[in-house]
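*Asks:* Got a structure here, written out as structure tokens. Questions coming.
Coordinate-derived values only; no laboratory data. In this text, all values refer to a predicted model and were calculated from it rather than measured experimentally. A quick note on method: Cβ atoms are made from the backbone with ideal geometry, for glycine too, and the neighbour counts reach across all protein chains shown.
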Amino acid sequence: MTWAMFVQHALNGLTLGSLYALIAIGYTMVYGILRLINFAHSEIFMLGAYFVLWGLTLFYLPWFVAIVVAIVVTAAIGILVDRVAYRPLRDAPRISALISAIGVSFFLQNLTIVAFGALPREVYRPAWLENPILMGEVRVLPLTLFVPTLSFLLMLGLVWVVYKTKPGLGMRAISKDIETSYIMGVPVNRIISLTFGIGSALAAASGIMWALRYPQLQPVMGSIPGFKAFIAAVFGGIGSIPGAVVGGIMLGVIEIMAVAFFPDLAGYRDAFAFILLIVILLIKPTGLMGARLEDKV
Amino acid sequence: MLKVQDLHVYYGGIHALKGISIEVPKGKVVTLIGCNGAGKSSTLRAVAGLIKNKKGRITYNGADLTSRDPVEIVKSGIVMSPEGRRIFPHLTVIENLRLGAYSRSDEPQILKDIEWIFELFPKLKDRKDQKGGTLSGGEQQMLALGRALMSAAEVVMMDEPSLGLAPMLVKEVFDIIAAINRQGKTVLLVEQNAFAALKIADYAYVLEVGAIVLEGTGAQLIADDRVKSAYLGG
Ligand SMILES: Nc1ncnc2c1ncn2[C@@H]1O[C@H](COP(=O)(O)OP(=O)(O)OP(=O)(O)O)[C@@H](O)[C@H]1O
Ligand SMILES: [Mg+2]
């Protein structure tokens, strides 16, 4: 393998990994606060992509507007899912909310089939995304630079919200002790909504970039990336935002590199995530960063 | 004045409070004493808005607070420092204090109040960027009280602030409660350390299995034979 090819693979891995990381953040934030695995999160990812398609083909919105609208609408749906399916079960045993999450996941998938059909839909890409950029011997698609950069900026924004703003302080407090936060005046339900909104917006951004990279939409398109992002969140230490980022990026890089170095194993591509999960759970059950509880949100 | 009238609290089938009435006049220290499980915490938690399954009436300066949620209770001027301190171990001292001020938006006054807390508890100032979880038990209790005071509420309810502290620190806590009261705060104090509580209390209630069995001024109850034998160890 030449050096140029290695760089290319590394960049591809980083791209895929950033997309996993953006989804993983939503899993980890909701888990950090509610100890709930939001199985509907992979459908939120999928809806983000579909809404862009809808905006483009049905309302003839310009790309930029379609993307912003899709992210906002998806965030609203994420909040709505919590309000309708999880909030009424806040005091119920945790398994009830988990089952509700699985139900919402199926519901959203089927709703998408009803609204958009079950057949794969093509997304046409803006022309400027198709022309490879040459950097010495390394040829990369613009997306390969664009996705990690944008993801990085989104994550910086998230860190700012969580660590530098008042609602972020509220989030960090309720992730540790909901009741005490409540009597100190933190509007718990509003902060939980905000958490779902942020997580869903990031997942939508990921879904949209995913659709630009693999331009075919299907109602089940969220399942595999969603599952891998969940694994990335567990791998990084569920509840930890830095863990979700590191876990997502590592998973993406490992997946791409494994296929690059061992092309014979390409068919087992999706299995790497699970092997990684099993290994980490055996060595360090709390995940890479799970021990540092202070990062839990 | 905070007024609780005929308060009943239920946990599933358990009837934990059976019609409690107490009054906490402005500027006073009122204490609630009683054995484990008497219902002291339940009373405070009901006032704080944490218990939905209750009957009775809770009013503050005439306004009905009975079915308000905890955020509304804080905003209306009543705050609780919970049993077991429950500071946020992963947040710094400053962040814990800021969380106490979450219901407020008067930033300049919040900054002044943080300074006020540091005057009240100088040890917290030295540790202001340290995580709450790294403080000693006594310091955590100071932080819990400081956090409650940061809400700027007029009525401060404290659930066993001396719990688990060394005797020297217990004295310090009671001195601070008296100081907080002198600075104008109304205090509703729950304590198992009956003698110390009665000494600083203007008025006191004795709670037994969910009902008030005795009440009077602090001095009256200290002198009362039943209180002496049951709560003051002789
Ligand atoms: N969440 C709960 N579920 C069921 N029963 C409860 C609950 N909380 C309190 N109780 C019961 O209600 C009664 C009063 O409890 P409470 O905590 O108010 O007592 P307390 O006077 O504060 O006791 P302590 O001095 O031990 O703190 C007890 O019998 C207790 O077992
Ligand atoms: Mg108690």
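*Asks:* Across 5 Å bins from the origin, how do the percents of Cα pairs in chain A run, short distances first?
*Replies:* Taking every Cα pair in chain A, the percentages come to 1, 6, 11, 16, 18, 17, 14, 9, 5, 2, 1, 0, 0.
*Asks:* Still on this structure, please answer the following. Helix A:63-81: angle to the longest alpha-carbon principal axis of chain A, degrees 0 to 90, nearest 10?
*Replies:* Helix A:63-81 sits roughly 30 degrees off the main axis of chain A.
*Asks:* Rounded to the nearest 5, what % of the DSSP beta bridges within the range B:2-219 are antiparallel ones?
*Replies:* Numbers: 22 of 41 bridges.
Of the beta bridges lying entirely in the range B:2-219, close to 55 percent run antiparallel.
*Asks:* Now, a different point. As an exercise, use a Förster radius of 41 Å and the Cβ-Cβ distance of A:V114 and B:N53 to find the FRET efficiency, rounded to the nearest 0.05. Spell out each step's value before the answer.
*Replies:* Values: r = 42 Å, r/R0 = 1.01.
Once rounded, the FRET efficiency stands at 0.50.
*Asks:* Next question. From other protein chains only, count the Cβ atoms within 10 Å of every residue's Cβ in B:84-96, then give the mean.
*Replies:* Averaged over the peptide's residues, the number is 4.
*Asks:* Relative to the present Cα-Cα distance, how much length would full extension add between B:Q130 and B:N36 at 0.36 nm per residue of separation?
*Replies:* Details: separation 94, 0.36 × 94 = 33.84 nm, distance 3.37 nm.
Going from the current span to full extension adds 30.5 nm.
*Asks:* Count the lysine pairs in the range B:70-132 whose Cα atoms sit under 22 Å apart, keeping only pairs 8 or more residues apart in sequence or on different chains.
*Replies:* 6
*Asks:* Measure up A:K166/A:K228; A:K176/B:K40; B:K28/B:K171; B:K55/B:K199; B:K18/B:K52 against 21 Å on the Cα-Cα distance and list the ones that go over.
*Replies:* A:K166/A:K228; A:K176/B:K40; B:K55/B:K199
*Asks:* Calculate how steeply helix A:241-261 sits against the longest principal axis of the alpha-carbon atoms of chain A, using the helix alpha-carbon long axis, and give the answer as 0 to 90 degrees to the nearest 10.
*Replies:* 30
*Asks:* Right, something else. Whole Å is fine, so just give me how far the alpha carbon centre of the range B:18-94 lies from that of the range B:183-234.
*Replies:* Cα centres, the range B:18-94 to the range B:183-234: 18 Å.
*Asks:* Among A:51-61, B:165-175, how do they line up from the highest to the lowest mean number of other beta-carbon atoms within 10 Å?
*Replies:* Final packing ranking: A:51-61, B:165-175.
*Asks:* Given the options A:I33, A:I224, A:I238, state which has the largest fluctuation in a GNM of chain A using a 10 Å cut-off (strictly under) for Cα springs.
*Replies:* Highest fluctuation among the options: A:I224.
*Asks:* I've got another one for you. Would you grab the residues whose amide H sits under 5 Å from the one on B:K28? Only those 5+ places off in sequence or on another chain, please, with H modelled 1.01 Å from N.
*Replies:* B:V187
*Asks:* What number comes out for the charge environment of B:Q192, summing +1 per Lys or Arg and -1 per Asp or Glu over other residues with Cβ under 14 Å away?
*Replies:* -4
*Asks:* Given a 10 angstrom Cα cut-off, can you work out which residue in A:M184, A:M209, A:M46 is the most mobile in a GNM of chain A?
*Replies:* A:M184
*Asks:* A further question follows. Any idea what the dipole of the range B:2-219 comes to, in debye rounded to 20, about its Cα centre with Lys/Arg Cβ at +1 and Asp/Glu Cβ at -1?
*Replies:* The dipole of the range B:2-219 has a size of about 260 debye.
*Asks:* Over the range A:1-121, consider all pairs of different Cα atoms and compute the Kirkwood hydrodynamic radius from their mean reciprocal separation; express it in Å, one decimal.
*Replies:* By the Kirkwood definition, the hydrodynamic radius is 16.3 Å.
*Asks:* How big is the charge dipole of the protein assembly as shown about its Cα centre, in debye rounded to the nearest 20, if each Lys and Arg gets +1 on its Cβ and each Asp and Glu gets -1 on its Cβ?
*Replies:* 300
*Asks:* Taking N as the number of residues in chain B, what is its Cα Rg relative to 2.2 N^0.38 Å?
*Replies:* So chain B has a normalised radius of gyration of 0.98.
*Asks:* Which percent, nearest 5, of DSSP beta bridges in the protein assembly as shown are antiparallel?
*Replies:* 60
*Asks:* Helix A:3-34: angle to the longest alpha-carbon principal axis of chain A, degrees 0 to 90, nearest 10?
*Replies:* Once rounded, the angle reads 10 degrees.
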